[in-house]
Amino acid sequence: MGSARSKLVQTVRSTIGSSTGPVDMSSATAQFVKDAINQDNVVIFSKTYCPYCKMAKDVFNKLKKSYTTIELDSRDDGDQIQSVLGEITGAKTVPRVFVNGECVGGGTDVKSLYENGQLEKMLESGAS
């Protein structure tokens, strides 16, 4: 039973992309992430099936604020992007939401910022 559990843990780790190796922050993938973060006032790194990702998008939809979404599960390099995000933000979970180039966290964080009025202030300060 121990080896079955070990095999399961190994499978789960590879499935969620929890590599322990170093992330090459000079790679094309890392540059793509950095460029994406700076291309729009709001950028959401997401997965199409994730309820917390939907929560974050719903907040911006309520505010009628446009955003760029990068759906990691629809990309061949999604796991690498997620690893780069982990290096940049300290968290590999999705969504990773950036407002004006700064990571504001995930779905619950965005919802809290919206509910306490902070999100609108952040969006106004970054409006061009």
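Worth pointing out:
- Here the condition is being touching a strand residue (DSSP E or B) at 6+ places or on another chain (Cβ under 6 Å), touching a residue at least 24 places away in the same chain (Cβ under 8 Å) and part of a helix (DSSP H, G or I); of Leu119, Leu85, Leu123, it holds for Leu85 alone.
- Residues located in region 94-108, provided they are free of Cβ contacts under 8 Å to residues at least 60 places away in the same chain and either of a type in the set (Phe, Trp, Tyr) or surrounded by fewer than 18 Cβ atoms within 10 Å (Cβ to Cβ) (or both): Asn100, Glu102, Thr108
- The numbered conditions (1) modelled with pLDDT of 95 or more; (2) among the basic types (Lys, Arg); (3) in contact with a helix residue (DSSP H, G or I) (Cβ under 7 Å, 6 or more places away or on another chain) are all true for Lys92 except (1).
- Within region 46-72, the set of residues being out of contact with any Phe, Trp or Tyr (no Cβ under 8 Å at 6 or more places or on another chain) and touching a residue at least 40 places away in the same chain (Cβ under 8 Å) comprises Ser46, Lys47, Cys50, Pro51, Tyr52, Cys53, Lys54, Met55, Ala56, Lys65.
A quick yes/no check of all residues on (1) modelled with pLDDT of 55 or more; (2) part of a loop (DSSP other than H, G, I, E, B); (3) over 30 Å from Lys121 (Cβ atoms); (4) touching a Phe, Trp or Tyr at 6+ places or on another chain (Cβ under 6 Å):
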position: Ala4; (1), (2), (3), (4): yes, no, yes, no
position: Lys7; (1), (2), (3), (4): no, no, yes, no
position: Val12; (1), (2), (3), (4): no, no, yes, no
position: Thr15; (1), (2), (3), (4): no, no, yes, no
position: Gly21; (1), (2), (3), (4): yes, yes, yes, no
position: Ser26; (1), (2), (3), (4): yes, yes, yes, no
position: Gln31; (1), (2), (3), (4): yes, no, yes, no
position: Asn38; (1), (2), (3), (4): yes, no, no, no
position: Ile44; (1), (2), (3), (4): yes, no, no, yes
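- Summed over region 86-128, the residues that are polar (S, T, N, Q) and either under 16 Å from the mean Cα position of the chain (by Cα) or within 17 Å of Phe32 (Cα to Cα) (or both) give a count of 4.
- Matching entry among Glu124, Glu115 (being over 30 Å from Pro22 (Cβ atoms) and at pLDDT below 95): Glu124
- Scanning region 46-77 for residues that are part of a loop (DSSP other than H, G, I, E, B) and closer than 21 Å to Gln118 by Cα turns up Leu63, Lys64, Lys65, Ser66, Tyr67.
- Those residues of region 80-117 which are over 24 Å from Gln31 (Cα atoms) and among the β-branched types (Val, Ile, Thr), in sequence order: Thr108, Val110
- Within the set Val104, Val94, the sole residue that is assigned to a loop (DSSP other than H, G, I, E, B), under 23 Å from Thr48 (Cβ atoms) and in contact with a strand residue (DSSP E or B) (Cβ under 8 Å, 6 or more places away or on another chain) turns out to be Val94.
The values are calculated or read from the model by the stated rules, or taken from the named source; none is laboratory data. Everything numeric here is computed off the predicted structure, so don't read it as measured data. Note that each Cβ is placed from the backbone with ideal geometry, even for glycine, and that neighbours are counted across all protein chains shown.
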